[in-house]
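Have a look at the structure below before the remarks.
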Amino acid sequence: MSNELIADYNLLPEDANLQLLRCTLVVSGHVLAEDKTQLAGQLWGRLQSFAASEIQELLQQAHLNQTTWLRPLTSSLTRPDGNLIITLTGHLSSVNAIAFSVDGKYLISGSSDSTLQVWDWQTGVEVRTLTGHIKSVNAIAFSPNGKYLISGSSDSTLQVWDWQTGVEVRTLTGHTDRVYAIAFSPNGKYLISGSSDSTLQVWNWQTGEVIATFIGDSSIHCCAVAPDRLTIVAGEASGRVHFLQLEGA
């Protein structure tokens, strides 16, 4: 189903049935993107339990327009007035990391298919795909000003993206195994990364220089900067949590 059609419903007068139909199209979008002949089945599966005469008339019209098809006997699919808002499809393997843009308009997802995808999540439109990694993308983070995106991968690199244009600005190399975690210092000057090579590295990400390295006992799986803006916290596979001083932040 075209996103233009879904957007058209936003221009119509406030009407509960029209908005219900819009929600149905949005929730069904990932199915219809693959096979538009599933429209009637999606309508029946999601709207059958709504008693409004307009909805029931629409279902009957959908029924008459079909030849041979499987019609759900009950509302067997997720209702459009439930908690599910939209489903985004496009990756070819597991999704390992997600982050919202600073303004909240876009969602970026990182996948084991080695790509990052930029979504207008409210419409379900895939804006662009970022390609450059050769293995799974495991972690992503936005710079504090929202202009740049950093991704960490199983190819042991971090990549800096101008995500609004899709341009890869630079590649950070220094880890020798999978990168699992990344975080920015509050002022945006430093980037912190954790890897299965048992190290935590602090980068001047704008130059690609490694400022400091902490060596743990096992894989570093997560990291964060504490509210005091001076302390790095890192969690590793051994079960230990380390607190480290972030100088000059």
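Put simply, when 163-173, 24-34, 83-93 are sorted by average Cβ atoms within 10 angstrom per residue, most first, you get 24-34, 163-173, 83-93. Enter the Cα centre distance for the pair the range 139-203 and the range 72-86, rounded to the nearest angstrom. Here the answer is 39 Å between Cα centres. Look at the dipole of the range 95-245 built from charges on Cβ: of 231, 173, 111, the Cα furthest out on the positive end belongs to 231.
Sum -39500 (n - 2.57) across every DSSP H segment of at least 4 residues in the chain, then divide by the residue count to get the 222 nm mean residue ellipticity, nearest 500. Walk me through the numbers before you get to the answer.
Details: 5 runs with 44 residues, N = 249.
Mean residue ellipticity at 222 nm (helix-derived): -5000 deg cm²/dmol.
Could you calculate the FRET efficiency of residue 95 with residue 66 from 1/(1 + (r/R0)^6), where r is the beta carbon distance between them and R0 is 35 Å, rounded to 0.05?
Values: r = 34 Å, r/R0 = 0.97.
Taking R0 as 35 Å, the efficiency between residue 95 and residue 66 is 0.55.
Ordered by the number of other Cβ atoms lying within 10 Å of each residue's own Cβ, fewest first, 192, 215 fall into the sequence 215, 192.
Would you mind calculating the gained length between residue 30 and residue 210 on full extension (0.36 nm times residue separation, minus the Cα-Cα distance), in nm to one decimal?
Numbers: separation 180, 0.36 × 180 = 64.80 nm, distance 4.20 nm.
60.6 nm is the gain from fully extending residue 30 to residue 210.
For the chain, the longest principal axis of the C-alpha atoms and the axis of helix 53-64 are separated by about 90°. Going by neighbour counts of Cβ atoms within 10 Å, the residues 220, 98 line up, fewest first, as 98, 220.
Against the chain, whose longest principal axis is taken from its Cα atoms, helix 16-27 shows a tilt of about 50°. For residue 170, put the label point 7 Å out on the Cα→Cβ axis and report which residues of the range 198-227 keep their amide N under 16 Å from it. Within reach of a label on residue 170: 202-212. When each of the peptides 203-211, 51-59 is scored by how many other beta carbons lie within 10 Å of its residues on average, the order from highest to lowest is 203-211, 51-59.
Bear in mind that the values in this text are calculations on the coordinates, not laboratory data. What you see is a predicted model; the values in this text were computed from it and never measured. When we count neighbours, we look across all protein chains shown, and the Cβ atoms used for this are built from the backbone with ideal geometry, even at glycine.
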